[in-house]
1. Explain nothing, just compute: Karplus ³J(HN,Hα) = 6.51 cos²θ - 1.76 cosθ + 1.60, θ = phi - 60°, for every residue of the stretch A:146-151 in order, whole Hz, x for Gly and Pro.
2. Provide the percentage of antiparallel DSSP beta bridges, counting only those with both residues in the protein assembly as shown; round to the nearest 5.
3. Looking at the stretch A:59-276 only, what percent of DSSP beta bridges run antiparallel? Nearest 5 please.
4. Given A:V193, A:V103, A:P246, which one lies farthest toward the positive end of the charge dipole of the stretch A:59-276, if we put +1 on the Cβ of every Lys and Arg and -1 on the Cβ of every Asp and Glu?
5. If you find the alpha carbon centre of the stretch A:135-212 and of the stretch B:125-201, how far apart are they in angstrom?
6. When ranked by the protection proxy of mean other Cβ atoms within 10 Å per residue, highest first, what sequence do the peptides A:398-407, A:128-137, A:369-378 form?
7. Show me, for the stretch B:63-73, the HN-Hα J-couplings you get by feeding each phi into the Karplus relation (A = 6.51, B = -1.76, C = 1.60, θ = phi - 60°), rounded to Hz, glycine and proline as x.
8. I need the shape label for the stretch A:59-276. Rule: rounded when a/c is under 1.5, else prolate if a/b > b/c, else oblate, with a, b, c from the alpha carbon gyration tensor.
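Bear in mind these aren't lab numbers, they're just calculated from the coordinates by the rules spelled out. Given the structure is predicted, the values throughout are model-derived calculations rather than measurements. Cβ: placed from backbone, ideal geometry, glycine included. Neighbour counts: every protein chain shown.
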Amino acid sequence: MRTRALVHLATLNLRSDRRGALVNAGAACLGAAALVFFVALGIGVGQAARRMFAGDARLVEVVPAAVSLGGALGGGQLDDGAVERLGGLPGVEAAYRRLSLRVPVAASRAPEGVKVNWPPGFTVQVPIVGVDPGLLAGDVARGLRFEDPPPGGAIPVLASRRLVEVYNKTIAPAWNLRRLPPGLDLVGLEFPVRVGFSIIPLKTEDRVYDARLLLAGLSERVPLYSLAVPLATVRRLHAEYGKVDPGYTGVTLEVRRPDDVPRVVAAVRGMGFGVDEGERAIAERVGLAIAVTAGALALLALLMTALAALAIAQSLSASVRARTRDIAVLEALGATAGDVRAMVLAEAGLVGATGGLAGVALARVAALVADRAALGALPDFPFRPETFFSFPAWLYVLGVAISLGAALVGALAPAAAAARVDPARAVA
Amino acid sequence: MISLRQVVKRFRDVDEEHVVLDRLDLEVRAGEFVAVVGASGSGKSTLLYIVGGLDADFEGEAVVAGRRLGELGARGRAAFRNEAVGFVFQSFNLLPALPAVENVMLPGLFVPPGRPAPSLSELRGRALEALEQVGLREKAGRLPARLSGGERQRVAIARALLSRPALLLADEPTGNLDATSGESVIALFGGMVARGMTVLVVTHEERVSAAAGRVLHLEDGRLR
């Protein structure tokens, strides 16, 4: 039987049993809708979590061990020798040094060029970490340089991309400050600071002078709680204030592939150093929790789809039994057993495809309603997503395919039964 | 057109075997109108189903419309039923959910592979023509339930004519009809034979056998 004729006949049969077809399509629709909804929720929440706990999957943060026996077991301080050994580990592409600035730096005025209702007498201590410029090279704005400036020059700094979001969503409303413009609009601004000044009593250095920080870019590789300056700047300031550097605060290892990370982490620990899993660990735990929850819900949805397949199987079996004589008549008119089987499968296929399309549409509508309800109920917090769902194109295809597949699987036995009808007996 | 030689058909009960057709011979020439009469249960319908390729479980030789039925597989028999034979049943066997025209179109949906398949609109046109031939064009859109018994049988005849088969097989075609409707069906058969079609009808009604050119009696599994 030609495809056109097959579809025509299947459509006629479905039309003759509208109620059954609608019930079957409804079952397939619910299964597909639940599956698409929960998978979209899992993907969407996962993406939101990744935005919240952004981390580069190829970076390993090495820190001195919490308890160290010095160099006796190969661990201890993160000095240049240790950095060299870490950089030579298999799978490590580069090792970038980090050194926290131990000279206090504070900001008592608003950044130049930005209208912020800075409260009188308000001073912010600015945590600063010096890093090898190579770590942030990709995030420095075009035309700006990330290197220790000549005397009197503004010190280039990079801030966390997420800092603006956190400031706008928490600090600004709490302190009644003006919100900052998004992202790159801030790059190039200069912040007046006082080097050597601390808001903590007795921590201010003997020498305090004014300087300027120049925002040279935003980066995910800068910790949320600090600004990054060139390592050479930290060393210079430490030398100016007579601070001795026994070793680096940390070393960031860039590995070739994310898959290499566990092996590198094990090797680092084997060398007697610690690994600060910080946000990455949170992101991994959150991601795992989301994946497990979404997986369980998707499994539930698959179960619903399997139940839909059973419902379709039962309904089609009853329909085939009721239509035994009609099927025999079709065979008397020239239908082969294959035609009859194809006809029943086509009926199921049409039901499944229609149910799947309706299910995908239902999932989108349900997601819209859920988003509106959730966003209306939740307070405005940093990285609050605009939607908790993500619908990649493959998910639509999956929704329809699963529904279609379930319907076809459900129709296999009834189709086989229909193909076994003996026309000579049935038409008699 | 039909040549049956030494055809034997057995039915097996639980532990008993019944011979329904016993070394039966039948010759029907093209363009003949032949009626087979016999008592209920004598095997008339079984004979018709063997000739029509619906029942392949028999012994002996059957050549119908140039095809050796014993040598055809399931697909071959389906193609044979679609192209060479038109069936008319006592209980009409129309699909109740389909309008008359869709019922008539059905054989056109099962055109065997390798043959040109008509489009749905062509098929509809041919179905309407067939309904015209039986005088029911104006009722093409009606469901079988909204047609009288005679009209339903005429729709069934139109369906049998759609593929323009050489042979029409009718199983008690007037069994469920009143006298007037039965007459109109018999008249239709007469018209078909006049146009060169072969008609084999099994019946126990005298008015049908009276219209046939030849009447055969099926008794004890053989034709006399």
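1. 10, 8, 4, x, x, x
2. About 60 percent, rounded to the nearest 5.
3. The antiparallel fraction comes to roughly 75 percent.
4. Ranked along the dipole, the leading option is A:V193.
5. 94 Å
6. A:398-407, A:128-137, A:369-378
7. 10, 10, 6, x, 10, 7, 5, x, 9, 7, x
8. It comes out prolate by the Cα gyration axes.
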